[in-house]
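Below is one structure; the comments refer to it alone.
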2 protein chains.
Amino acid sequence: MLDQVSKTKDATIAEVMADLGRRAKAAARILSTTPSAVKNRALAAMAASIRAHGDTILRANAADVARMRAGRTSKALLDRGTLTAERIEAMARGIEDIAGLDDPVGAVIAAWDRPNGLRIERVRTPLGVIGIIYESRPNVTADAGALCLKSGNAAVLRGGSDTHESAAAIHSCLVDGLKQAGLPEAAIQLVPTRDREAVGLMLSGLNGNVDVIVPRGGRGLVERVQAEARVPVFAHLEGVCHIFIDRRADLEMAASIVVDAKMRRTGICGAAETILVDRHCAGAQLEPLVEALLAAGCEVRGDAAACAVSTAVIPARPDDWGREFLDAIIAVKVVDDLPAAIEHIATHGSNHTDAIITDDAEAAETFLNEVDSAIVMHNASTQFADGGEFGMGAEIGIATGKMHARGPVGVEQLTSFKYKVRGDGQIRS
Amino acid sequence: MLDQVSKTKDATIAEVMADLGRRAKAAARILSTTPSAVKNRALAAMAASIRAHGDTILRANAADVARMRAGRTSKALLDRGTLTAERIEAMARGIEDIAGLDDPVGAVIAAWDRPNGLRIERVRTPLGVIGIIYESRPNVTADAGALCLKSGNAAVLRGGSDTHESAAAIHSCLVDGLKQAGLPEAAIQLVPTRDREAVGLMLSGLNGNVDVIVPRGGRGLVERVQAEARVPVFAHLEGVCHIFIDRRADLEMAASIVVDAKMRRTGICGAAETILVDRHCAGAQLEPLVEALLAAGCEVRGDAAACAVSTAVIPARPDDWGREFLDAIIAVKVVDDLPAAIEHIATHGSNHTDAIITDDAEAAETFLNEVDSAIVMHNASTQFADGGEFGMGAEIGIATGKMHARGPVGVEQLTSFKYKVRGDGQIRS
């Protein structure tokens, strides 16, 4: 199937994708009223099938990895694309965890009675068809497919071309699970071609059959999706997280949080990229903070004040403010006060996650209210910006837009709602 | 200002609109943390200013109406565009009602604690800048401006060119109110040109400065907005509301609801356009339902079964199913059963508001669950599809999309949210 399609001309890809969209929409209608127990049965069967077919998945992955090596893929991409027995078990467990979440569909979000006796309920409903476009991590196939199913949505998955065979092997385990629960195979479809034309067609919405697109990948992918999509997108372009060390910060806490927020994992969107230090405490705190970062193996790029505390600090260039290093590099700057910090974040931030360290409750409230980011934190590491850490279960990503989903996108964020109105004959005349 | 701008070339309109967008964004930042009391003071001052300048508004409106008459505007448009002392008083009272609503901004939607001691709150925030594009009703200027202010958003209003002078007169009363409360004038801006180029610029998002567009008007306007907008849109294209008369419907209730749902006001989006009658009760109910509609002065277009009950019934053409008549005309059809009714609505409906009349609780639940509309009703008139009737206060419109807002769009639906995370030094390592 894969090779057939990828060798044919565009018209055929357009036809394949249009058909895939129609079948996704039809499946979504069935999923919208599928009972929780049936969805959970499918999820359990998916996890079992992944475990049972571990060897098949590893063989498919070995073929992908061999191709990537031959193509001189970078070490980071190779690592992301490589599956192991542990990673396969983690995928199966991840699906079981999703099965264990509360079913958001049908949940009554609000209910009230009107003076005329009408009873109004706002009830969660699925969104419909969710298109997920991802890059090298083949395990996204399992995570995203399971999250969409749990939330009653059909999924159209477009994995990275580097790991297409791995994704296809995982996908057939998901289809196994769907079939065992009597659900339509089209509930989770994998785009059967490596051709990039397919991505453009998904972004166009497949004739109104895709309701939302979730890109999972680097800046290049997300930028393309945001620029071209004709349907809503849940995404963040980058996570330029700031930490402001207020004049009333506890130094020990500040150093511990700053080092964790940057160095625990440097490549995630919740990693800190810029430290802003209040001028009023810079004399006491700037040097120990910079030294703590240097001691942890972090490159520090500083303004004049930060450069003055250590010869190891590299002068920051203008474009280091607001840069997502995604590496053991951080920018450090002294600002006049809290309003200057908020202004710096408004100018250079990415509306993802920003934190203040302070013992001053009032300063904290001002920061939490005025910084316009999906997640604002007081005295905690920005690396907590994660659906699992929020207790929301698995997430399909973090969104920085203000429409519909914001912050971690879990099963609840993959739903819409409807109003159910119950009367006993009310007319308006 | 108006004439100056409308006579200059496109480049200048682009500059005027770009500047307007920048000022709106700056005002939105201030409004996002403006206390409720200040917003309510502005709203009260706006209402007072509208009352104080009633004569000025009426004079401006007389000039608009004279131009419309000279241009042979239709009677319906003329009626919508004409202001009276009563309509002006209603505008002022409407603003006061909005002042009386709870402030959605800052409301804690959800809050929970994590095992590591982190306290997480999901808190309502404004969306930012809302662009409202409307047609002939100048009172939308006041409603929309007040709703946006209450919800902490900046408004960019683009009224109909027919009633621009009336809108400008109302708008200066709103600016009066903003100034009296010390709020930026750019919190509510009226596009100062009749040039249609301005609409295109708003739909492009004014360089990222417009967060959402709300069109208020007929199908032509909404279609253009949905096709061209590069930012999210809260709207419905049409309200093709269905009423299904189930086999276990109470005939008296069915007749009363059907006549109300069609005839109370025929030109609103919640007016019923199609009646579906279960074949199992058609023998007993079809004739009295059709007779009740005919007696109420409604034209009935029916399938063969409906045509058989009265010579006054006109045979329906295929495009009468799913047509929004917006007039005293209704389509009537017999369907096999509940699933057939749901299928008909899925094919011909507009996802706005649909109702079932039945004494069978199970059939009602099936209908409410399976019909994919913003509002689904049991034993009530579709004309209740209205923010005021829902107890949500004023609404800026009704949305049929599934993203963000669905159903009546009131002050809560004009908000987003952020996560506030409070810790005492938590790190993730």
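No value in this document is a laboratory result; all are computed from the given coordinates. A quick note: this is a predicted structure, and the numbers were derived from the prediction, not measured. Ideal geometry is used to build each Cβ from the backbone, glycine not excepted, and the neighbour counts take in all protein chains shown.
For the protein assembly as shown, what are the per-bin percents of Cα-Cα distances with bins 10 Å wide, up to the bin holding the maximum?
It works out to 2, 12, 19, 23, 21, 14, 6, 2, 0, 0, in whole percents.
Chain A: which residue's Cβ hugs the A-to-B rotation axis most tightly, distance rounded to whole Å?
A:His404, 2
Per residue of A:109-121, what is the mean number of Cβ atoms on other protein chains within 10 angstrom of that residue's Cβ?
Average per residue, whole number: 3.
Other chains' Cβ within 10 Å of B:377-389 residues: what's the mean?
Partner Cβ neighbours, averaged per residue: 5.
Compute the whole-percent fraction of alpha carbon pairs in chain A spaced more than 43 Å apart.
Percentage above 43 Å: 22.
Label B:Arg51 and A:Arg219 with points 7 Å out from Cα along Cα→Cβ: what is the distance between them in nm?
With each label point 7 Å from Cα toward Cβ, the separation is 5.7 nm.
Can you grab the distance from the C-alpha centre of the range B:371-407 to the C-alpha centre of the range A:252-308, Å, no decimals?
Their Cα centres are 50 Å away from one another.
Take the Cβ-Cβ distance between A:Ala308 and B:Asp359 as r, set R0 to 60 Å, and report the resulting FRET efficiency rounded to the nearest 0.05.
Working from the Cβ atoms, E equals 0.15.
Can you tell me the FRET efficiency between B:Asp319 and B:Leu251 if r is taken as the Cβ-Cβ distance and R0 is 30 Å, rounded to the nearest 0.05?
Result of the calculation: an efficiency of 0.50.
Using only alpha carbon positions, build the gyration tensor of the range A:60-165, then give the equivalent ellipsoid semi-axes as the square roots of 5 times its eigenvalues, largest first, whole angstrom.
Semi-axis lengths for the range A:60-165 are 41, 14, 9 Å.
Which three semi-axes in whole Å describe the equivalent ellipsoid of the range A:387-429, each the square root of 5 times a Cα gyration tensor eigenvalue, listed largest first? All intermediate terms of the calculation are to be shown ahead of the outcome.
On the way: eigenvalues 247, 31, 8 Å².
Taking √(5λ) for each Cα gyration eigenvalue gives 35, 12, 6 Å.
Counting alpha carbon pairs within less than 8 Å and at least 6 residues apart, what relative contact order, in whole percent, applies to the range B:241-389?
Numbers: 298 pairs, mean separation 48.2, N = 149.
The normalised contact order for the range B:241-389 reaches 32 percent.
How many nanometers, to one decimal and shortest first, lie between the label point of B:Val108 and those of its other copies, if labels sit 7 Å from Cα toward Cβ?
Nearest to farthest, the other copies are at 2.4 nm.
Could you pull the copy-to-copy label distances for B:Asp55, with points set 7 Å along Cα to Cβ, in nm to one decimal and sorted shortest first?
Ordered by increasing distance: 9.5 nm.
Ordered by packing density, taken as the mean number of other Cβ atoms within 10 Å over each peptide's residues, highest first, how do A:355-363, A:133-141 rank?
With the highest mean Cβ count within 10 Å placed first, the list reads A:133-141, A:355-363.
Could you pull the copy-to-copy label distances for A:Glu252, with points set 7 Å along Cα to Cβ, in nm to one decimal and sorted shortest first?
Copy-to-copy label distances at A:Glu252, shortest first: 7.9 nm.
By per-residue mean of other Cβ atoms within 10 Å, what is the highest-first order of B:47-59, B:323-335?
B:323-335, B:47-59
Pairs of Cα atoms under 8 Å, at least six residues apart: use those to get the relative contact order of chain A, whole percent.
18 percent
Please report, in whole Å³, the volume per residue of the convex hull around the C-alpha atoms of the range B:241-389.
Details: hull volume 13.7 nm³, N = 149.
Each residue corresponds to 92 Å³ of Cα convex hull volume.
Over all residues in A:400-406, what is the mean tally of Cβ atoms on other chains that come within 10 Å of each residue's Cβ? The partial results should precede the final answer.
Numbers: counts 0, 4, 12, 10, 7, 4, 6.
That works out to 6 on average.
If we sort B:88-97, B:112-121 on the protection proxy, mean other Cβ atoms within 10 Å, highest first, what's the order?
Averaged packing, sorted descending, gives the order B:88-97, B:112-121.
Give the Debye-formula value of log10 I(q)/I(0) at each listed q (0.10, 0.13, 0.23 Å⁻¹), with one equal scatterer per alpha carbon of the range B:104-211, two decimals each.
Computed log10 I(q)/I(0) values: -0.37, -0.55, -1.24.
Calculate the length of the line joining the C-alpha centroid of the range A:127-164 to that of the range A:197-250, in whole Å.
First find each Cα centre; the distance between them is then 15 Å.
Given contacts defined as C-alpha pairs under 8 Å and at least six residues apart, what's the relative contact order of the range B:71-197, whole-number percent?
21 percent
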